[in-house]
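The values are calculated or read from the model by the stated rules, or taken from the named source; none is laboratory data. Here the structure is a predicted model, which means the values were calculated and not measured. Every residue, glycine as well, gets a Cβ built from its backbone with ideal geometry; the counts of neighbours run over all protein chains shown.
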Amino acid sequence: MTWSLVSKSVEETVSVGKKLGTLLQGGDFVALQGELGAGKTQLAKGIAEGLGVDPSIPVTSPTYTLLNVYSGRLPFYHFDLYRLHGGQDLLDLGFDEYFHGDGICLVEWAERLQEMLPDDYLLITMSHVGDDCRSLSFTSSGSRGEQLIRLLMDDDNEKMF
């Protein structure tokens, strides 16, 4: 299942993330793809907000550390794989154990994980469609990913923004 929407501002992108964060459950995996500056980290900020991460804690892209861990109603594992060459690098670092835990995994540059993606996940592909506008395309892999899209679609019909 695939569904798309256009965000017209950073605030709208954060709002989409916040709604998604309220829907996520332990063990959910969100894969993010998109060029630099597409809004992946802004979406992650919204997800953290929806998960109840303390708003005084800055949510940043872990480009150099590879992983930031945040505490909310569930542990939030925010990966950035921009500097990695493939999934084997994560295996070598032992990060794959996070992918099958009770927290939420969000992976920026998830295309570098193709062979390690779980069976059930939500893929969000982001792209520029104007100065402040971003296209967000949601694609499910498995029943949980599909359920998350349906919940987001229902909320969009009730004016998510």
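One table, with the values for the structure above:
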| quantity | calculated |
| --- | --- |
| Candidates Ile57, Ile104 - the one that is crowded, with 20+ Cβ neighbours inside 10 Å, modelled with pLDDT of 90 or more and of a type in the set (Val, Ile, Thr) | Ile104 |
| Subset of region 92-101 (residues that are of a type outside the set (Asp, Glu), surrounded by 13 or more Cβ atoms within 10 Å (Cβ to Cβ) and free of Cβ contacts under 8 Å to residues at least 40 places away in the same chain) | Phe95, Tyr98 |
| Selection count, region 31-44, where residues are under 10 Å from the mean Cα position of the chain (by Cα) and outside any helix (DSSP H, G or I) | 3 |
| Residue within region 111-131 that is in a loop (DSSP other than H, G, I, E, B), touching a residue at least 24 places away in the same chain (Cβ under 8 Å) and more than 22 Å from Thr2 (Cβ to Cβ) present | no |
| Which numbered condition Ile47 misses (of (1) within 11 Å of the chain's Cα centre (by Cα); (2) part of a strand (DSSP E or B); (3) among the hydrophobic types (A, V, I, L, M, F, W, C)) | (2) |
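Each row is one residue, and each column tells you yes or no for (1) among the charged types (D, E, K, R); (2) within 17 Å of Leu152 (Cβ to Cβ); (3) free of Cβ contacts under 8 Å to residues at least 60 places away in the same chain.
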position: Asp28; (1), (2), (3): yes, yes, no
position: Ala38; (1), (2), (3): no, no, no
position: Thr60; (1), (2), (3): no, no, yes
position: Val69; (1), (2), (3): no, no, yes
position: Leu74; (1), (2), (3): no, no, yes
